[in-house]
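Peer 1: Below is one structure. I have some questions about it.
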Amino acid sequence: MQYTDNDLASPGPASKHWMDALTARHTVIRLDMRGCGLSDRRPERMSLDAWVEDIEAVVNAAGLTRFAMMAVCTGSYAAIEYAARHTDRLTRLIIYGGAVRGRLRRELTAAQRADAMAALQVYESGLDGRSEFAVSFRRIFTAQFLPDASAGQLEAHDRIVSQRMNGAIAAQSVRAFYDLDLSESAQRIDAPSLVLHARHDILYPMDEGQRLAALIPSSRFVPVESHNNIPLAEEPAWPRVRDTVLEFLAGNEGAAVPAQTFRLTVRQADVLRQVAQGQTDKQIARTLSLSPRTVEMHVGAALKALGSKTRAEAAHRAAQYGLF
């Protein structure tokens with residue numbers, strides 16, 4: 001399908017290759033979040049319930065009974081909640097670069113919390129208009145999501161952002177995102193799920209993706225060697241991501257594994273990463289600023305969580321399942 005630069009339905013440089021790959025094998029229905037793109041620009045409500053209602057409306061209008069759902073970045077919140085409420089309707093769930101907790105529900109330092117609140121104050125003016133400040137702000141904002149994008153890709157993305165949303169809607173959405181914690185909802189999802197996350201994502205840390213995968217009862221976590229929130233077409237990681245997603249959608253049952261495989265805390269994963277590198281408990285303790293006894297306890301808990309008899313076996317399984 002051909003698009004013009006001003007077409008609100010046109011996929012941008014971060015999504016065109018995704019659309020091309022998915023539409024080659026599947027029928028794709030894309031949902032614009034309320035207040036953005038082709039949706040109503042003046043929504044009365046901006047909340048998790050409202051976003052779920054929008055998904056329900058699109059699903060019902062399309063006459064879908066059973067279908068696969070994919071969500072990216074902030075779209076993960078509504079997808080998680082929808083999947084928890086309507087898990088019997090989903091054949092598959094894919095989350096890329098998302099999170100189960102909003103920014104203010106994560107473990108933050110005082111400085112990180114202050115930064116998060118300060119960001120809210122500039123979203124409204126920074127994402128509006130063509131002023132020099134607005135254009136510069138959007139470029140910086142976009143570069144955090146796509147640090148490896150070229151100048152041309154950033155410019156194309158800026159055109160899309162400025163056309164498809166305004167600052168007031170963006171700020172309102174972010175305020176709602178910040179205070180969400182969908183940990184309980186994630187545990188109610190029965191659908192086989194695939195959670196992918198860039199290792200070096202600036203805005204959405206990979207441990208949030210790991211946390212999400214650990215909570216969903218039947219899921220697989222796949223780390224992606226990328227700095228971008230969603231992989232660009234030119235990245236070496238893209239072919240693997242594309243093939244993994246398509247195989248999962250095709251019904252490859254090997255893509256879903258029992259949730260208990262992923263029941264590791266972030267600290268347990270940190271310790272096993274060091275074990276995999278051949279470090280002793282004393283060396284790990286020095287590296288992670290822990291006592292040797294605490295390291296030993298984390299190793300023991302990880303062995304139990306992964307159903308392993310030896311440290312080497314646990315480290316191998318953690319690496320195999322993408323936990324570090």
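Peer 1: Which percent of the accessible area of the chain is formed by carbon and sulfur heavy atoms (probe 1.4 angstrom)?
Peer 2: Carbon plus sulfur share of accessible area: 52 percent.
Peer 1: Per residue, how much space in cubic angstrom lies within the convex hull of the C-alpha atoms of the chain?
Peer 2: Numbers: hull volume 46.5 nm³, N = 324.
Expressed per residue, the convex hull around the Cα atoms of the chain is 143 Å³.
Peer 1: Indicate, rounded to the nearest 5 percent, the antiparallel portion of the DSSP beta bridges found entirely in the chain.
Peer 2: Working: 3 of 19 bridges.
Percentage antiparallel, nearest 5: 15.
Peer 1: Can you tell me the order of 177-190, 274-287 when each peptide is scored by its average per-residue count of other Cβ atoms within 10 angstrom, highest first?
Peer 2: The packing order, highest mean first, is 177-190, 274-287.
Peer 1: List every residue whose amide H lies under 5 Å from the amide H of LEU264, counting only residues 5 or more places away in sequence or on a different chain, with H placed 1.01 Å from N in the peptide plane.
Peer 2: Result for LEU264 returns nothing.
Peer 1: If you don't mind, there's one more thing I want to ask. For ARG89 paired with VAL122, estimate the spin-label separation in nm (one decimal), with each label point 7 Å from Cα along the Cα-to-Cβ line.
Peer 2: Distance between the two pseudo-spin positions: 4.0 nm.
Peer 1: How much accessible area per residue does segment 275-324 have, counting only protein heavy atoms and a probe of 1.4 Å, in square angstrom?
Peer 2: Dividing the accessible area of segment 275-324 by its residue count gives 59 Å².
Peer 1: With a 1.4 Å probe and all protein chains left in place, how much accessible area per residue does segment 42-108 have, in Å²?
Peer 2: 41 Å²
Peer 1: Enter the angle in degrees (range 0 to 90, nearest 10) between the Cα long axis of helix 48-61 and the first principal axis of the Cα atoms of the chain, meaning the one along which they spread out most.
Peer 2: Helix 48-61 and the main axis of the chain meet at about 70 degrees.
Peer 1: A further question follows. Extending each Cα 7 Å along its Cβ direction at GLN163 and SER218, get the distance between those two points in nm, one decimal.
Peer 2: 4.1 nm
Peer 1: Taking 8 Å as the Cα distance limit and 6 or more residues as the minimum spacing, I'd like the relative contact order of segment 164-218 as a percentage.
Peer 2: Dividing the mean separation by the residue count of segment 164-218 yields 39 percent.
Peer 1: Cut-off 14 Å, label point 7 angstrom out along Cα-to-Cβ of ASP148: give me the residues of segment 160-199 whose amide nitrogen falls inside.
Peer 2: Zone members listed by number: 197-199.
The values are calculated or read from the model by the stated rules, or taken from the named source; none is laboratory data. Computed from a predicted structure; not experimentally measured. Every residue, glycine among them, receives a Cβ derived from its backbone with ideal geometry; neighbour counts consider all protein chains shown. What goes into the accessible areas is simple: the full protein's heavy atoms, side chains included, and nothing from ligands, DNA or RNA. Shrake-Rupley method; radii C 1.70, N 1.55, O 1.52, S 1.80 Å.
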